[in-house]
Amino acid sequence: MSPLDDIHANRTGKPKMSRRQKWLACAFLLAMLGAVVPVMVNRSFVPSASWQARALYLSIALLAISGVLLRNWHRRGLWQPGPPWPAYGPVRRGMMLLLCLGFMLFIFWLNLAATLPMAYTAVLGKREVREAMVEAKRGSGRRSCAHQLKVQGVNYLFFEFCIDADDYDALPSGPLPARLLVRQSYFGELIGSLRLSVPAPPGAAG
């Protein structure tokens, strides 16, 4: 029996997805959903710089392994690219290949650098309180909250600490001391809450 027997035709004559392609699609969707968490759902985790670098190396390794596996399946007739692919010319194929590789590398990195470490830290991280300086900041992105506190020393792209408009308007300008309640692990820290230490107004009773 040919390996291509996995691909059946439906009533319209169009090929259905093989079992392997369905598993690949499920794995891809899970990876996509995982990558959405630190971008759309929870932005309170900050991976450590060393782990971000290690996650990049692991992502490159996973991308290489996935590429070798797909190429092997393709040669054996166990996996086929989507229908538009055969119609592309060599230039368009090269551009699409680079785009897909870059996109998948980014998805792998988000899962390994943020989502999985954040879940680990939330469950097994050690509770700590640390001091930090914060400053009021207005969000500029479409997915960002409008009123934020920027924590000095935290430069992670997806981190945000949101506050409401009334609290934002009541804050004095300039850096303010704060206490952060965090969960910390080898992979980074999850900032749970923040308490400002706002100085008393001049002339206030001690």
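With +1 assigned to the C-beta of every Lys and Arg and -1 to the C-beta of every Asp and Glu, and no other charges, what is the dipole magnitude of the chain about the Cα centre in debye, to the nearest 20? Spell out each step's value before the answer.
Details: 24 positive and 11 negative charges, 235 e Å.
The calculated dipole for the chain is roughly 1120 debye.
Among all helices in the chain defined by DSSP H, which have a length of 27 Å or more along the axis from Cα atoms plus a Kyte-Doolittle mean of at least 1.0? Don't jump to the answer; show the numbers that get you there.
Values: long enough: 49-75 (40 Å, 0.57); 90-110 (30 Å, 1.70).
Sorted by number, the helices that extend far enough and score high enough are 90-110.
Quick one: check the C-alpha center-to-center distance for segment 33-47 versus segment 49-105, whole angstrom.
23 Å
Which FRET efficiency, nearest 0.05, do Val41 and Met95 yield, Cβ-Cβ r, R0 35 Å?
Values: r = 31 Å, r/R0 = 0.90.
The computed FRET efficiency comes out at 0.65.
If I compute solvent accessible area with a 1.4 Å probe over the protein chains, what percent of it on the chain is carbon and sulfur? Before the final figure, lay out the partial values.
Values: 8790 of 13890 Å².
That share works out to 63 percent.
Run the simple label-point estimate for Met32 and Val123 please: 7 Å along Cα→C-beta, distance reported in nm.
About 2.6 nm separates the two model spin labels.
Scan around Glu189 for amide H atoms under 5 Å from its own, H built in the peptide plane at 1.01 Å from N, and keep only partners 5 or more places away or cross-chain.
When sequence neighbours closer than 5 places are left aside, the close amide H contacts are Val46, Ser48.
Pop out the ³J(HN,Hα) list for segment 145-150 in order, Karplus 6.51 cos²θ - 1.76 cosθ + 1.60 with θ = phi - 60°, rounded to Hz; leave Gly and Pro as x.
Each residue's phi maps through the Karplus curve to give 6, 6, 10, 9, 10, 8 Hz.
Could you order Lys22, Lys137 so the one with the most accessible surface comes first? Probe is 1.4 Å.
Details: Lys22 115, Lys137 85 Å².
Putting Lys22, Lys137 in descending order of accessible area: Lys22, Lys137.
Need one number: nm distance between label points at Ser173 and Leu70, each 7 Å from Cα along Cα→Cβ, rounded to one decimal.
5.2 nm
Quote to one decimal, in nm, the extra length available between Asp166 and Leu196 on full extension: 0.36 nm per residue of separation minus the C-alpha distance between them.
On the way: separation 30, 0.36 × 30 = 10.80 nm, distance 1.48 nm.
The span from Asp166 to Leu196 would gain 9.3 nm if fully extended.
222 nm [θ] for the chain, helices only, -39500 (n - 2.57) per DSSP H run of 4+, per residue, to 500?
Working: 5 runs with 81 residues, N = 206.
Value at 222 nm, helices only, nearest 500: -13000 deg cm²/dmol.
Within the chain, which cysteines find no other Cys whose Cβ is under 4.7 angstrom from their own?
Taking the Cβ cut-off of 4.7 Å, the unpaired cysteines of the chain are Cys26, Cys100.
With a 10 Å radius around each residue's Cβ, average the other Cβ atoms per peptide and rank 54-65, 82-93, 168-179, highest first. Display every interim value, and only then the final one.
On the way: 54-65: 14.8, 82-93: 9.7, 168-179: 12.8.
Result, highest mean Cβ count within 10 Å first: 54-65, 168-179, 82-93.
The values are calculated or read from the model by the stated rules, or taken from the named source; none is laboratory data. What you see is a predicted model, and the numbers here were worked out from it, not measured in a lab. Note: ideal-geometry Cβ built from the backbone for every residue, glycine included; neighbour counts use all protein chains shown. What goes into the accessible areas is simple: the full protein's heavy atoms, side chains included, and nothing from ligands, DNA or RNA. Shrake-Rupley method; radii C 1.70, N 1.55, O 1.52, S 1.80 Å.
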